[in-house]
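J.: Please read through the structure below; I'll follow up with questions.
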Amino acid sequence: MRNICLIIFLLLPFLSAQADTMVVEVRIKDHLFFPDEIRIPADTKVKLLIKNEDVTAEEFESYELNREKVIAGGSQAIVFIGPLSIGVYPFFGEFFPKTAQGKVIVE
Amino acid sequence: MKSIRLYLLLALLATITLVNFVSLLHGYQSSMQKAESLFDSRLKSTAMLIKLANSAKQNQQHSAEKEDPYTFFQIFNESGNELIIHSSNAPHIMLGELSEGFHDVNFASYRWRNYVHEDTKLQRWIVVAERIDIRYILAEDVVLESLVPIVLAIPVSALIIWFAVGLGLKPLTLFATQLSHKRVDDLSPITLERVPSELTTVVNSTNSLLLRLEEAFDREQRFSADAAHELRTPVSVLKVHLHNLGTRLGRQDEDIVLLTEGVERMGHLIEQILALYRTSPDQAAVKFEQVDVFKTVQSLIAFNYDTFDRKQQTIDLDGESHVIEANLFALETLVMNLINNANKYTPEQGEIHVEVKRHELGVLLRVEDSGPGIPEAQRERVFERFYRLHGDRHDSGVVGCGLGLTIVKHIADLHHATINLGTSANGGGLRVDVIFPLRAISHA
Amino acid sequence: MLLNAVIIVLREVLEASLLASTFLAISQMLQRDRKWIFFAFSLGLVMGSIYALSISSVSMMFGGAGQEILNASMQTLIYLSLLVFAAAVPHQNKPLFRNLTIISLVFAVVLSLSREGSEVLLFITGFIGVPTLFNSVLLGGAVGAGIGLSVGVFFYYLLIHLTPRFGVWLGYVILLLISGSMMSQAVEFMMQADIFSSTAPVWDSSSLISERSISGQLLYALIGYEATPTLSQVIAYIGSMTLFIVIAITSSTLREKHL
């Protein structure tokens with residue numbers, strides 16, 4: 001029992017505080033991201049609300065952001081990113097990477 | 001590793017797949033790059049054509065009609081903020097960077113590749129764009145045509161490899177079937193046509209092993225037969241001397257009785273060993289003749305009647321005449337062994353029942369007694385040489401050497417007959433069924 | 001489209017086929033019936049299809065974090081099955097532990113196949129309505145699956161051709177690496193769902209080996225490589241592997257004591 005308490009205590013700093021987070025909406029239409037450039041402030045957590053308006057599924061993926069999420073056709077999904085340091089973080093739709101390209105610009 | 005064939009199939013197939021697919025990907029990539037640069041140079045030359053065909057520097061207030069929705073062009077003034085002329089499907093603003101070269105932009109729900117060219121002479125910018133997805137599909141269509149056969153070839157190669165490997169392993173399979181189909185007593189060498197070099201050693205050493213085994217068996221059998229034969233005379237001499245000694249000292253002398261019993265047992269063992277040798281299935285020189293099983297049994301019972309009488313046992317014979325092809329001496333030995341066993345193991349006043357009748361598989365010889373029987377677990381083992389129930393401490397106290405049923409088995413094998421041991425329906429003793437097959441029955 | 005299809009299918013198939021060939025080889029070494037693998041495969045594919053079909057409703061569960069929570073729990077369960085496996089393997093003489101090894105393997109295979117399978121299915125079925133691309137996706141999928149399965153075949157035969165001692169050792173190393181990458185990915189999903197808070201990456205090795213490159217993809221499938229991991233991921237990776245090693249060693253020393 002004491003061990004479990006210890007583990008929970010150790011995990012506490014990692015557990016996130018659900019404060020007001022900035023929401024950015026991204027649409028996927030015809031395998032393109034709109035907008036394809038997302039500007040967010042540095043060191044802030046941002047909630048991406050991704051709406052897939054295509055009939056085909058898409059996977060939001062970014063190696064730089066370490067994020068991947070499948071979004072079924074005609075549905076939406078939430079991905080949290082940040083806090084990030086200043087820089088450019090490309091993301092893409094893994095299922096249609098030729099067209100579905102975009103980047104997060106942290107400034 | 002369970003199967004060589006499966007291993008070879010999977011390993012070869014995996015190699016082919018891996019090598020082919022990796023080179024396919026390389027081919028695809030370089031082909032697509034080639035196509036890409038081809039499209040780019042076409043886009044560039046289109047821009048050059050437009051530059052030469054149109055020399056307007058001012059806004060012309062109209063758009064050029066255009067059917068093809070996959071490409072557009074724009075001509076901007078020097079600063080890039082005023083559109084001089086454009087195709088009807090083109091955007092009205094400059095997309096992307098205003099610098100010489102290729103750029104990718106998003107417009108009207110598509111991604112476009114545009115080529116921006118600075119017309120330094122007329123101080124304007126010429127923009128030509130093509131839809132990337134269309135370029136891509138066109139290029140891929142061409143490239144894919146050449147790749148499909150490589151992928152389709154994989155299942156075909158799988159099939160071919162499966163059969164080719166099977167063919168290559170055929171000598172091994174043949175060798176294995178020959179080995180597994182060999183009869184227990186068949187020690188003849190294995191013959192294979194066209195032995196592959198990998199198998200030569202295996203076949204040769206197996207054959208030499210079989211040969212040595214056959215020689216060893218032969219030697220062993222000859223040795224016991226010779227020994228038994230050589231022992232016959234001294235034992236007979238011993239019997240005569242014992243008889244003389246008995247008359248001189250009086251037959252009731254305990255030592256003499258025990259000695260006589262011992263010599264009797266020895267004589268019996270020697271006779272049995274000789275019978276065993278003579279009736280071995282691998283003795284080729286056995287003569288077959290027409291023998292009536294019923295009559296043989298009948299005469300043997302009659303001849304040995306006093307043995308049963310001595311133990312006050314009743315013995316009866318049922319059935320009718322059946323002629324089979326058999327070796328008379330061997331058949332007699334078989335019947336004698338069976339009824340002697342019945343006599344020995346059935347207690348006094350017991351019942352013995354012998355039957356010879358027609359069976360669906362041939363002729364059935366059945367011997368039943370009211371003795372203790374043989375437990376089911378040991379029925380397989382009683383045919384082994386020198387095997388006796390309960391080992392040496394045979395509780396029936398009966399003289400025996402453990403060869404009787406072995407001889408029965410040998411003789412049955414010699415006649416291709418089958419033996420079944422069971423429990424007698426009346427009396428609960430042992431029931432021995434020997435079925436001589438149909439093909440051995442004479443039709444005469 | 002072809003290259004893209006190759007990469008997506010290859011990544012998933014490679015992960016599944018490495019796991020399956022390791023398990024097949026280990027059950028061969030333990031002289032265990034391999035019928036269960038076909039059972040686990042079919043069950044995994046059925047579960048994968050169900051997951052793929054219900055992905056949009058799963059996604060919106062837990063305030064939009066359903067997919068992450070489900071993925072993270074599946075990965076945690078895979079990790080737990082691997083722990084049970086490591087604990088059970090040294091005690092093959094007891095029937096309970098013999099059954100536990102098989103059950104934990106079936107569990108791990110079914111879970112990982114449903115996750116990988118659903119992604120491949122979603123990807124390929126998405127193109128059924130796009131005839132211009134469907135052929136190239138199918139071809140790419142076939143190429144990716146072919147490469148992934150071939151690597152699995154080679155890996156399987158490599159494992160069973162090694163001396164039993166080295167083969168078992170290598171099998172354990174693979175399971176260890178899978179353990180680490182499972183838990184680090186689970187943590188990543190928890191951060192994506194904002195259940196754990198995200199922190200700055202501990203290091204950035206993307207200039208050395210980019211996750212986009214083929215070697216990066218391979219390393220991701222093999223050891224769960226991340227170019228920019230966060231502290232919690234690194235802790236999860238190392239911690240889960242340490243626990244795996246501790247359990248494996250404790251279990252085998254317990255056995256030696258009993259002997």
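J.: Excluding same-chain residues fewer than 8 positions from A:Lys45, which lysines have a Cα within less than 18 Å of its Cα?
T.: Excluding near neighbours in sequence, the set is A:Lys69, A:Lys103.
J.: Applying the Karplus parametrisation 6.51 cos²θ - 1.76 cosθ + 1.60 with θ = phi - 60° to the phi angles of segment A:42-55, what ³J(HN,Hα) value in whole Hz is obtained for each residue in order, glycine and proline being reported as x?
T.: For segment A:42-55, the Karplus-derived couplings read 6, 6, 10, 8, 10, 9, 8, 9, 9, 10, 9, 8, 7, 7 Hz, x marking Gly and Pro.
J.: In whole Hz and in residue order, list the ³J(HN,Hα) couplings for segment B:107-118 that follow from phi through the Karplus curve 6.51 cos²θ - 1.76 cosθ + 1.60, θ = phi - 60°; x for Gly and Pro.
T.: 7, 6, 6, 9, 9, 10, 10, 10, 10, 9, 10, 8
J.: Okay, next question. For chain C, what does the helix formula give at 222 nm: sum of -39500 (n - 2.57) over DSSP H segments with n ≥ 4, over the residue count, nearest 500 deg cm²/dmol?
T.: Dividing the helical sum by the residues of chain C leaves -28000 deg cm²/dmol.
J.: On to the next question. Starting from the amide H of B:Arg431, placed 1.01 Å from N in the peptide plane, find each other amide H under 5 Å away whose residue is 5 or more places distant or on another chain.
T.: Close amide H contacts, sequence-distant or interchain: B:Gly422, B:Thr423, B:Ser424.
J.: Provide the per-residue ³J(HN,Hα) series for segment B:71-88, in order, calculated from phi with Karplus coefficients 6.51, -1.76, 1.60 and θ = phi - 60°, each as a whole number of Hz, with x at glycine and proline positions.
T.: 9, 8, 9, 9, 10, 9, 6, 4, 7, x, 9, 10, 8, 7, 8, 7, 6, 4
J.: Kindly flag which residue pairs out of B:Lys170/C:Lys35; B:Lys2/C:Lys35; B:Lys239/B:Lys311; C:Lys35/C:Lys94; A:Lys29/B:Lys44; A:Lys98/B:Lys44 have an alpha-carbon separation exceeding 23 Å in this structure.
T.: Exceeds cut-off: B:Lys170/C:Lys35; B:Lys239/B:Lys311; A:Lys29/B:Lys44.
J.: Calculate what fraction, in whole %, of the accessible area of chain C sits on carbon and sulfur atoms when a 1.4 Å probe is rolled over the protein chains.
T.: Its accessible area is 76 percent carbon and sulfur atoms.
J.: While we're looking at this one, here's another question. With each pseudo-label sitting 7 Å past Cα toward Cβ, what's the B:Tyr70-A:Val88 distance in nm, one decimal?
T.: Here the answer is 3.0 nm between the modelled labels.
J.: Now for a different question. Give me the percent relative contact order of segment B:225-349, please, defined on Cα pairs under 8 angstrom at least 6 residues apart.
T.: Rounded, it is 27 percent for segment B:225-349.
J.: At what distance in angstrom do the alpha carbon centres of segment B:118-164 and segment C:39-83 lie from each other?
T.: That distance is 36 Å.
J.: Sticking with the crude label model, points 7 Å out along Cα→Cβ, report the distance from C:Met60 to B:Glu220 in nm, one decimal please.
T.: 8.3
J.: Which FRET efficiency value, to the nearest 0.05, do you get for C:Leu170 and B:Leu152 by plugging their Cβ-Cβ distance into 1/(1 + (r/R0)^6) with R0 = 45 Å?
T.: In this case the efficiency is close to 0.80.
J.: Extending each Cα 7 Å along its Cβ direction at B:Thr314 and B:Glu193, get the distance between those two points in nm, one decimal.
T.: 6.5
J.: Let me ask you something else. Enumerate the amide H contacts of B:Leu403 below 5 Å, restricted to partners 5 or more residues apart or on another chain; note that Pro and chain-start residues carry no placed amide H.
T.: Amide H to amide H, under 5 Å and 5 or more residues apart or across chains, B:Leu403 pairs with B:Phe386.
J.: Roughly how crowded by other chains is peptide C:146-152, in terms of the mean Cβ count from those chains within 10 Å of each of its Cβ atoms?
T.: That average works out to 6.
J.: Tell me which residues come under 5 Å, amide H to amide H, from B:Trp125 once H is placed; ignore anything under 5 positions away on its chain.
T.: B:Phe76, B:Asn77, B:Asp119
J.: Given a cut-off of under 8 Å on Cα pairs at least six residues apart, what relative contact order in percent is computed for chain B?
T.: This gives 10 percent for chain B.
J.: I've got another one for you. Which of rounded, prolate or oblate describes segment C:2-258 when judged by the alpha-carbon gyration tensor and an a/c cut-off of 1.5?
T.: Taking the square roots of the gyration eigenvalues as a ≥ b ≥ c, segment C:2-258 is prolate.
J.: While we're here: If you count only protein heavy atoms and use a 1.4 Å probe, how large is the accessible surface of B:Thr296, to the nearest 10 Å²?
T.: My reading of the accessible area for B:Thr296 is about 10 Å².
J.: In deg cm²/dmol, rounded to 500, what helix-only [θ] at 222 nm does chain B give when every DSSP H run of at least 4 residues adds -39500 (n - 2.57) and the total is split over its residues?
T.: Mean residue ellipticity at 222 nm (helix-derived): -18000 deg cm²/dmol.
J.: While we're on this one: For B:12-21, what's the mean count of beta carbons from other chains sitting within 10 Å of each residue's beta carbon?
T.: Partner Cβ neighbours, averaged per residue: 5.
J.: Here is a follow-up. Shielding of C:49-57 by partners, i.e. mean partner chain Cβ atoms within 10 Å per residue?
T.: For this peptide, the per-residue mean of nearby foreign Cβ atoms is 3.
The values are calculated or read from the model by the stated rules, or taken from the named source; none is laboratory data. The model shown is predicted, which means the values in this text are computed figures rather than measured ones. Positions of Cβ are backbone-derived with ideal geometry, glycine not excepted, and every protein chain shown enters the neighbour counts. For accessibility, only protein heavy atoms count, side chains too; no ligands or nucleic acids. Shrake-Rupley method; radii C 1.70, N 1.55, O 1.52, S 1.80 Å.
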